[in-house]
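Since the structure comes first, as structure tokens, the remarks are kept for the end.
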Amino acid sequence: MPPAALRVSDLKKSYKDVQAVNGLDLEVFPGECFGLLGPNGAGKTTTIEICEGLTEPDSGVVEVLGLSWKTNAPELRQRLGIQLQETQLSDKLTVRETVELFRSFFREGPTAEDAIALVQLQEKRDARVGNLSGGQKQRLALSCALVGNPDLLFLDEPTTGLDPQARRQLWDLIIQFKKDGRTIVLTTHYMDEAQQLCERVAIVDHGKAIARGTPRELIASIGVQHVVEFSVGDQAVDLSHLERAPGVRSVTTVDRTVQLQVTELHSAVPAVLAELNRQGLPLTQLSTHSATLEDVFVSLTGRHLRDA
Amino acid sequence: MRNGALFQLILLRFREFIREPEAVFWNLAFPVLLAGGLGVAFRDQPADVFHVAAVTQQLTQSLKQDKELAVDELSPEAAITALRTGKVVLIAEPSTNGAVTFRYDDTNPVARNARLIVDRALQVAAGRTDPVTVSNTILREPGSRYIDFLVPGMVGLGLLNSGMWGLVFSIVDTRRRKLLKRLVATPMPRHYYLLSFLWWRLILLPLEVGIPIGFGVLLFGVPLRGSIIELLLLCLLGAFTFGSMGLLIASRAQTIEGASGIMNIVQLPMWIVSGVFFSADRFPAFVQPIVKALPLTAINDALRANMLQGASLSQLVPQLTALSVCLLVCFTLALKLFRWR
């Protein structure tokens, strides 16, 4: 096994009365795209900012590219590419001027022109930053993260707030960076983003990594292939029969929606319909999907990612 | 050089400045317009006449004999209105037994002078002869007019304004945008960021100081009696002092609103008491030590002493001390307190 690009163990950080990170462990290997997946407020940004040397941890070990922030900060600054959540670059500069500014801080890397080409912003080269769309601004931020030809790229919520088309475009760029062999650590609260981009994922909740593995492993670990969701309006359902129905692994209720983790769709769905018919309840909504990282999160915490 | 981080940061200062037309106006054009307007309004009018009112024809005739008076004959009510609205500064009214009463505001120096002239005119018209004959030799000295007082004050005020505006808004806005944090996440040496402001102030200084001084010298003949090199050194010291005050105000503020509040608290007292538009000596003696210790008073006094009296730096030790102490204290505190995120 190659030496880790990033190793974090027993990391802790608290702000006033909030324990933002509470004993978190991570290991990221060279060449992989690693995702920190969790709801807002789970401690993802605090964790990534500690790894970026922007926040001082209370305790724990952080090793980036085999170096430590205490002794190798200038070296690390040269070798990391960083994109922060919510940075607004200067509106009055053009795209090229912005990239040239960031390029001037690094001792080596692509030319400003090439860094702009990496994120496909050539036609906006001379546009003011203030006139770019949200997706273009985010691509410019990526370009600024790439100008030092980094060995490790940190992306904090790279697609939050973007429309679906701009998200897709950014995903394609990140997939391209992966093909170029870059090591990437990204945070997201979109399970589809983690599933699309990341070789391995850590699910973070309340400042801890509660599960780790490839998206496939994590989904397999909950032992279900499918999820059936239904609701019956305001009425109460007796779930005791459903829990024993063939192919049903577990039943949970989240916000009046009953969720069944099932192994066999073809036997579970008829069982649901028969049971509702027996109880004389009207079906107001029914849907099924293959299990996702979202379902892993639900089965681990009993909450949805989006409203956790 | 072109790819150097410091050069790029100074270029950033330049671009942010030049692409904000308001900043260019407030920094460079506004002081000139203000000095021009005030210079015209308060210009020394040659052989100025006093506007006074008389309420009888006889008094009017007597006063019109004096060339220094412009006399209106008005009804008593119209005369009172004219006095209240500043159209005349004094009313001459007949009293009993041929005596005359003057109505005027004794806190207005112009009215007090008018009273002396009107009195003289009446006495002469009534047949008084003066025992001593006098003649006048007029000497009009550049350097003692209001515009001469004003131009150094505008230079000092300009240094204060650009130190504050130039640094505070730029730094606080960069912090608010989380761009400061993003810059710190690169290998950019932090002191380069602060140095870029210092260099930018240096680059802008010749324009900032040269425009109002050149304007005063060329259009109004304001004198430059002291050493030009020393004048530049004074401006440099002033620029760095106000720059370090700006840096201190910007060191922790998270929002433009918060920073503006602090800026106003710092600037407003100096605008009033530091002798920009009128002499700081007008304030009572017991507040003078405080007034003199303010950096804007110090720079204004020093600039006036250099330009109008030709004083050398060695004669300006109190002012130089006040500025240097302020510079050192603000700069040290700012570096200690500066929040890089």
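Between A:Q120, B:V291, A:P74, the Cα set farthest toward the positive side of the dipole of the protein assembly as shown (charges on each charged residue's Cβ, about the Cα centre) is that of B:V291. Return, ordered by residue number, the residues of the stretch B:297-341 whose backbone nitrogen is under 16 Å from a label point located 7 Å along Cα→Cβ of B:R176. Residues B:341 fall inside that zone. What is the distance in Å between the Cα centroid of the stretch B:280-341 and that of the stretch A:164-242? Cα centroid of the stretch B:280-341 versus Cα centroid of the stretch A:164-242: 63 Å apart. Taking all C-alpha pairs of the stretch A:92-143, those more than 15 Å from each other amount to 35 percent. Of the peptides A:3-13, A:80-90, the order by per-residue mean of other Cβ atoms within 10 Å, starting with the highest, comes out as A:80-90, A:3-13. When the convex hull of its Cα atoms is viewed from all sides, chain B shows a mean projected area of 23.5 nm².
Take each residue of peptide A:104-117, count the partner chain Cβ atoms within 10 Å of its Cβ, and average: the result is 2. The sum of -39500 (n - 2.57) across all DSSP H runs of n ≥ 4, divided by the residue count of the protein assembly as shown, sets its helix-only mean residue ellipticity at 222 nm to -15000 deg cm²/dmol. Equivalent-ellipsoid semi-axes for the stretch B:139-264 (Cα gyration tensor, √(5λ), whole Å, largest first): 35, 15, 10. In the stretch B:33-184, Rg over Rh equals 1.30, where Rg is the alpha-carbon radius of gyration and Rh the Kirkwood radius from pairwise Cα distances. Based on Cα atoms of the stretch A:1-158, Rg over Rh with Rh as the Kirkwood radius reads 1.00.
For the pair B:F7 and B:I138, a Förster radius of 41 Å applied to the C-beta separation gives a FRET efficiency near 0.10, rounded to the nearest 0.05.
Per-residue mean of foreign Cβ neighbours for A:86-93 is 6 (Cβ atoms of other chains, 10 Å radius).
Calculate the tail of P(r) for the stretch A:229-308: the fraction of all Cα-Cα distances greater than 22 Å, expressed in %. Across the stretch A:229-308, Cα pairs with separations above 22 Å total 20 percent. Each label was represented as a point 7 Å from its Cα along the Cα-to-Cβ direction; for A:V18 and A:R212 these points are 2.5 nm apart. Using DSSP to call loops (not H, G, I, E or B), can you name the trypsin sites (Lys or Arg not before Pro) in the stretch A:204-261 whose Cβ has at most 16 other Cβ atoms within 10 angstrom? Hits after loop and neighbour filter: A:R244, A:R256. Counting only DSSP beta bridges with both residues in the stretch A:116-211, the antiparallel share comes to about 40 percent. Only beta bridges with both residues in the protein assembly as shown are counted; by DSSP, about 60 percent of them are antiparallel. Between the residues A:Q136, B:T241, A:P164, the greatest Cα displacement towards the positive end of the dipole of the protein assembly as shown, with unit charges on the Cβ of Lys, Arg, Asp and Glu, is found for B:T241.
Across peptide B:185-195, the mean count of Cβ atoms from other chains lying within 10 Å of each residue's own Cβ comes to 5. Note on the stretch B:67-100 and the stretch A:274-308: Cα centroid distance 96 Å, given to the nearest whole angstrom.
Binning the alpha carbon pair distances of the stretch B:170-227 at 10 angstrom intervals from zero yields the distribution 19, 31, 20, 16, 13, 1, expressed in whole percent.
A crude spin-label estimate for the pair B:I256 and A:S59, with each label 7 Å from Cα along the Cβ direction, gives 4.5 nm. Report the calculated FRET efficiency for A:E113 and A:K70 (r = Cβ-Cβ distance, R0 = 45 Å), to the nearest 0.05. The formula returns an efficiency of 0.75 here. Among B:148-161, B:58-71, B:13-26, A:20-33, the peptide with the highest mean count of other Cβ atoms within 10 Å heads the list, and the full ranking is B:148-161, A:20-33, B:58-71, B:13-26. If R0 equals 51 Å, the separation of the Cβ atoms of B:L333 and A:S267 corresponds to a calculated FRET efficiency of about 0.10. Derived value for the stretch A:42-94: Kirkwood hydrodynamic radius 12.7 Å. Basis is the mean of 1/r over every pair of different alpha-carbon atoms.
Summarised in one figure, the compactness ratio Rg/Rh of the stretch A:186-229, Cα atoms and Kirkwood Rh, is 0.97.
Diagonalising the gyration tensor over the Cα atoms of chain A and scaling each eigenvalue by 5 before taking the square root yields semi-axes of 42, 23, 16 Å, largest first.
Paramagnetic label reach from B:N264 (point 7 Å along Cα→Cβ; backbone nitrogen cut-off under 12 Å): within the stretch B:24-41, no residues. Starting from the Kirkwood Rh over alpha-carbon pairs, what translational D in µm² s⁻¹ does the stretch A:152-265 have by Stokes-Einstein at 10 °C and 1.306 mPa s? Estimated via Stokes-Einstein, D reaches 94 µm²/s. Peptides A:140-151, A:276-287, ordered by how many other C-beta atoms sit within 10 Å of their residues on average, highest first, read A:140-151, A:276-287.
Take the convex hull of the alpha carbons in the stretch B:66-105; its mean projected area over all directions comes to 3.3 nm².
Each 5 Å bin from zero up to the one holding the largest Cα-Cα distance in the stretch A:68-203 carries the following percent of pairs: 2, 10, 21, 23, 21, 13, 7, 2, 0.
A simple spin-label model places the labels of B:R341 and A:I175 3.4 nm from each other, with each point 7 Å out along Cα-to-Cβ.
On full extension of the chain, what length is gained from B:D119 through B:A78, given 0.36 nm per residue of separation minus the C-alpha to C-alpha distance? Gain on extension, B:D119 to B:A78, equals 12.6 nm. Farthest towards the positive end of the charge dipole of chain B, among the residues B:C326, B:P109, B:G37, is the Cα of B:C326, using unit charges on the Cβ of Lys, Arg, Asp and Glu.
Taken over the protein assembly as shown, the percentage of Cα pairs per 10 Å bin, counting from 0 up to the bin with the maximum distance, is 3, 12, 16, 15, 13, 11, 9, 7, 6, 5, 2, 1, 0, 0. Both the radius of gyration and Dmax for the stretch B:88-157 are 18.6, 58 Å, in that order, over alpha-carbon atoms.
Values in this text are rule-based calculations from the coordinates and carry no lab data. Computed from a predicted model, the values in this text were never measured in an experiment. As a convention, Cβ positions derive from the backbone with ideal geometry for all residues, glycine included, and neighbour counts pool all protein chains shown.
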